[in-house]
Amino acid sequence: MVEAGTLEKGDVRVSIENAESREIIIKSKLERIYGNAIRKTVEEMTEGVKAKVLVEDMGALDWVLRARIESAIRKFRGEGE
């Protein structure tokens, strides 16, 4: 399993581990308000990735979420640390 990000306020932690197919789990303190937008971003960025993706959002802005997802995917694929 690989991770990117933290659980600090304003950040998001993205964890990715091997799986037979893509599975997305989102935990957010703002899920009621931004859950659909978060899910859309995660689905868009992980398209074609066969893995379990766990997103633990602590109020991150979209660009932070995108950066953490990209970092986690690169680590998952072994593209450097």
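The values are calculated or read from the model by the stated rules, or taken from the named source; none is laboratory data. Note that the coordinates shown come from a computational prediction; the quantities given were computed from them, not determined experimentally. Note that we place each Cβ from the backbone using ideal geometry, even for glycine, and neighbour counts take in every protein chain shown.
Condition check ((1) of a type outside the set (D, E, K, R); (2) within 15 Å of Val64 (Cα to Cα); (3) assigned to a helix (DSSP H, G or I); (4) without any contact (Cβ under 8 Å) to a residue 12 or more places away in the chain) across all residues:
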residue	(1), (2), (3), (4)
Glu8	no, yes, no, no
Ile16	yes, no, no, no
Ile24	yes, no, no, no
Lys27	no, no, no, no
Asn36	yes, no, yes, yes
Lys40	no, yes, yes, yes
Glu43	no, no, yes, no
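A count restricted to the range 41-81 and to residues that are within 13 Å of Ile26 (Cβ to Cβ) and among the acidic types (Asp, Glu) stands at 3.
Tell me, please, whether a residue that is small (Gly, Ala, Ser), within 11 Å of the chain's Cα centre (by Cα) and at pLDDT 95 or above can be found in the range 3-13. Lay out the reasoning, then the answer.
Initially, the range 3-13 is screened for residues small (Gly, Ala, Ser), giving 4-5, 10.
Next, only the ones that are within 11 Å of the chain's Cα centre (by Cα) stay: 4-5.
Then keep just the ones that are at pLDDT 95 or above; that gives 4-5.
Looking through the range 3-13, at least one residue is small (Gly, Ala, Ser), within 11 Å of the chain's Cα centre (by Cα) and at pLDDT 95 or above.
Among residues of the range 30-71 being among the charged types (D, E, K, R) and touching a strand residue (DSSP E or B) at 6+ places or on another chain (Cβ under 7 Å), the one that is surrounded by the most Cβ atoms within 10 Å (Cβ to Cβ) is Asp57.
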